[in-house]
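The values are calculated or read from the model by the stated rules, or taken from the named source; none is laboratory data. All of these numbers come straight from a predicted model, not from anything done at the bench. Ideal geometry is used to build each Cβ from the backbone, glycine not excepted, and the neighbour counts take in all protein chains shown. Heads up: the accessible areas ignore ligands, DNA and RNA and are worked out on the full protein's heavy atoms, side chains in. Shrake-Rupley method; radii C 1.70, N 1.55, O 1.52, S 1.80 Å.
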Amino acid sequence: IVVNTFTVAPKLENAGASGTTVATQFLDELIRLRESARTDIAKRAVIDSLAEQVQIEVPEVHVSFGELRRVLHEALGHRIQIRGDLTESADGLALTLRGTNLPAKTFSGKPEELPALVTRAAEYAYGHADPVQMAYYLHRAGRPADTIALIRSRFASVPPETQAMLLNVWGNALNTLDRVPEALAKYRLAIDLNPKFWYPY
């Protein structure tokens, strides 16, 4: 996940909400989410693209190290580029998030709610990039309804192995809500998809 500098309306930028500041807050939230991930599931890297602007010349080639790294990652890796726009709206602020294979989404609120908007945007981006990690995070945070909503939104677009992991978290969330028969059905579906996945057992 590569976070680029956000675009901020001039009036908001003059008030102290620069594109770099908002992008840094967003990056901090992504890192917080990543650090809360389960230790037995691989963590996905979160990169601050601002760091790539450091200019280290590669002799005889005349390209910066940052540019070379960017080209290699884009050619060989699977990067999700994230961009955001912070604008004024009728009732305060609107933070719109866009990214590689990430449907644009706008989060609205009052000016004093900017940190909460950034958190919601980071959760949306992380949930799209790593739905299993985000689902576990939401469940551990005591948000079973949000857990189920995330899983429903991402379930059809992920491979069967990931679906099995999502079904396990879905069962956990239903169990938290005392919907045990439904939870057991999700665990059974997870086992059907991946009999080697031991959590649902």
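Taking first residues from region 88-101 that are within 16 Å of residue 19 (Cβ to Cβ) and open to solvent by 60 Å² or more (accessible area, probe 1.4 Å) and partners that are assigned to a loop (DSSP other than H, G, I, E, B) and at pLDDT below 90, the Cβ contacts under 6 Å between residues at least 6 apart in sequence or on separate chains come to 88/9. For residue 17, the conditions (1) at pLDDT 60 or above; (2) part of a helix (DSSP H, G or I); (3) over 30 Å from residue 139 (Cβ atoms) all hold with the exception of (2).
Each row is one residue, and each column tells you yes or no for (1) surrounded by fewer than 16 Cβ atoms within 10 Å (Cβ to Cβ); (2) farther than 16 Å from residue 92 by Cα; (3) of a type outside the set (Lys, Arg); (4) modelled with pLDDT of 95 or more.
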{"position": "109", "(1), (2), (3), (4)": "no, no, yes, no"}
{"position": "112", "(1), (2), (3), (4)": "yes, no, yes, no"}
{"position": "123", "(1), (2), (3), (4)": "no, yes, yes, no"}
{"position": "130", "(1), (2), (3), (4)": "no, yes, yes, no"}
{"position": "151", "(1), (2), (3), (4)": "no, yes, yes, yes"}
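Within region 6-19, residues that are more than 10 Å from residue 87 (Cα to Cα) have Cβ atoms under 9 Å from residues that are of a type in the set (Lys, Arg) in these pairs: 6/83, counting only partners at least 6 apart in sequence or on another chain.
Selection of region 159-185 for residues being of a type in the set (A, V, I, L, M, F, W, C), open to solvent by 20 Å² or more (accessible area, probe 1.4 Å) and either farther than 23 Å from residue 32 by Cα or touching a strand residue (DSSP E or B) at 6+ places or on another chain (Cβ under 6 Å) (or both) yields 177, 180, 184, 185.
Can residue 38 be described as open to solvent by less than 50 Å² (accessible area, probe 1.4 Å), assigned to a loop (DSSP other than H, G, I, E, B) and either at pLDDT below 80 or not acidic (Asp, Glu) (or both)?
Working: open to solvent by less than 50 Å² (accessible area, probe 1.4 Å): no; assigned to a loop (DSSP other than H, G, I, E, B): yes; either at pLDDT below 80 or not acidic (Asp, Glu) (or both): yes.
It is false that residue 38 is open to solvent by less than 50 Å² (accessible area, probe 1.4 Å), assigned to a loop (DSSP other than H, G, I, E, B) and either at pLDDT below 80 or not acidic (Asp, Glu) (or both).
Taking region 128-201 as the region of interest, the helices (runs of 4 or more DSSP H) fully inside it that hold 3 or more residues being farther than 25 Å from residue 2 by Cα are 144-154, 160-176, 180-193.
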